[in-house]
Each structure stands twice: as structure tokens, then as C-alpha cells.
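We did not get these values from a lab; they are worked out from the coordinates using the rules stated. Quick caveat: nothing in here was measured; it's all calculated off a predicted structure. Quick reminder, even Gly has a Cβ in these numbers, built from the backbone with ideal geometry, and neighbours come from all protein chains shown.
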Amino acid sequence: MYSDRMSTPERLIESTRELLWERGYVGTSPKAILERSGAGQGSMYHHFKGKPDLALAAIRRTAEEMRATAEGVLGGPGTPYERIEAYLRRERDVLRGCPVGRLTMDPDVVSSPELRAPVDDTLDWLRERIAGIVEEGQEQGQFAPSLDGEEIAAVIVATVQGGYVLARASASPAAFDTGVRGLLSLLAPR
């Protein structure tokens, strides 16, 4: 499953990322991590202090990846509206859900300030980044001056995260796509 060139700590982090996304914190046992990673018995404790330390490394990696992916679209070419549209319409595994957003529903992650911090920081970063794009669009006359960039950013993030939930509940990406289309029609420059 993993490249022979990938180090044991990297295999452990990648396995933990996948398992957290699939099963949550409680469902991610050290045994499952070792089986998925192909690492030997005791490897986890050789490279990490324990499951919480490994989970934190995995959550940080997931958060960094989400930021990089979002920035690749939000920082790309186009008008502010086009960049927001590209972010909303980018390719996603909608039925699998957001690997960061799903962590907010995990009571063990939310109750741990250390595990929750990368999740909070990433969602805060995303809202701030989108708010800046909305404000840029206002300066260019693309968005109404009466819009509040922070509120619009919160709506965009809520639409994406809520779209994942609705899509998973209906077992169809149509609910996600409908939410995106509705939001884009509200944001479309006049």
C-alpha cells in the first residue's frame, strides 16, 4: 500500500490520517494503525509518545494538506468570484466527507484542546482567506459593498461542510452540488 521509500513514521502518519477520516479517534486503534501501515510491533511507540501524539501529527498533516489544496484554488487566477467558484466546485470525494470537518464531530478530538487546535486553526484560516477574497471583490466592484466578508466566508464554509453532511445522509453528491449552485447564484456579480 505504501512505497518502500516511505519511512516508518510517514507510514504511521498516513495510516492514522486515513483511519481518523474513516473511523474517528476512538475507532483508530494502535493495532489498526500498525496493520494499515505495515509497521512492526512497537514502531508506533518508538517514533511517537503514543496514540495521541501520532494522532496530532496526522491531524496536523491533514490540516496542512487542506490549507494547501484550498490555497491552490483560492490563490489561483481569476476574479474573486471565479476563485470562490473554483473553490466550491473543485474536485472532492463528497460522499467521504471533509477530513478536517469530520474531526469536529469526533468527541475525543473536540474535547482535547491539543487535537482540536489544528482543526480550529485551519477553519479559521479558511474563513479569513475567503473573507479577504470577498473584500477584494468589493474593492473591484464585483460584490456589493454592503456584504460583510467574514459573514460571507462563514456561509461559504458552512455550505461546504453542510453539503458534505447532506450528501452523506442522502448517499448522493447531488445535495452538495445543489448547495454550491444555490450559493453561487446568490454571490454572482450583478
Whole-Hz couplings from phi, Karplus 6.51/-1.76/1.60, listed for segment 68-73; x for Gly and Pro = 5, 5, 5, 5, x, 8
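Relative contact order of the chain: what whole-number percent is it, with Cα pairs under 8 angstrom and at least 6 residues apart?
20
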How far is helix 8-23 tilted, in degrees, relative to the longest principal axis of the Cα atoms in the chain, given as a value from 0 to 90 rounded to the nearest 10?
-> 60
Please work out the Cα center distance from segment 77-100 to segment 119-149, rounded to the nearest Å.
-> 15
Given the rule -39500 (n - 2.57) for each run of at least 4 DSSP H residues, summed and divided by the residues of the chain, what is its mean residue ellipticity at 222 nm, to the nearest 500 deg cm²/dmol?
-> -22000 deg cm²/dmol
Helix 80-89 sits off the longest principal axis of the Cα atoms of the chain, rounded to the nearest 10 on a 0 to 90 degree scale, by 40
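Check each of the chymotrypsin sites (Phe, Trp or Tyr not before Pro) in segment 1-54 and keep only those in coil by DSSP with at most 16 other C-beta atoms within 10 angstrom; list them in order.
Answer by residue number: Tyr2.
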Top mean-square fluctuation among Met66, Met44, Met105, Gaussian network model of the chain, C-alpha springs under 10 Å?
-> Met105
Applied in sequence order to segment 106-115, the curve 6.51 cos²θ - 1.76 cosθ + 1.60 (Karplus, θ = phi - 60°) yields integer Hz couplings, x standing for Gly and Pro, of 9, x, 6, 6, 5, 7, 9, x, 5, 6
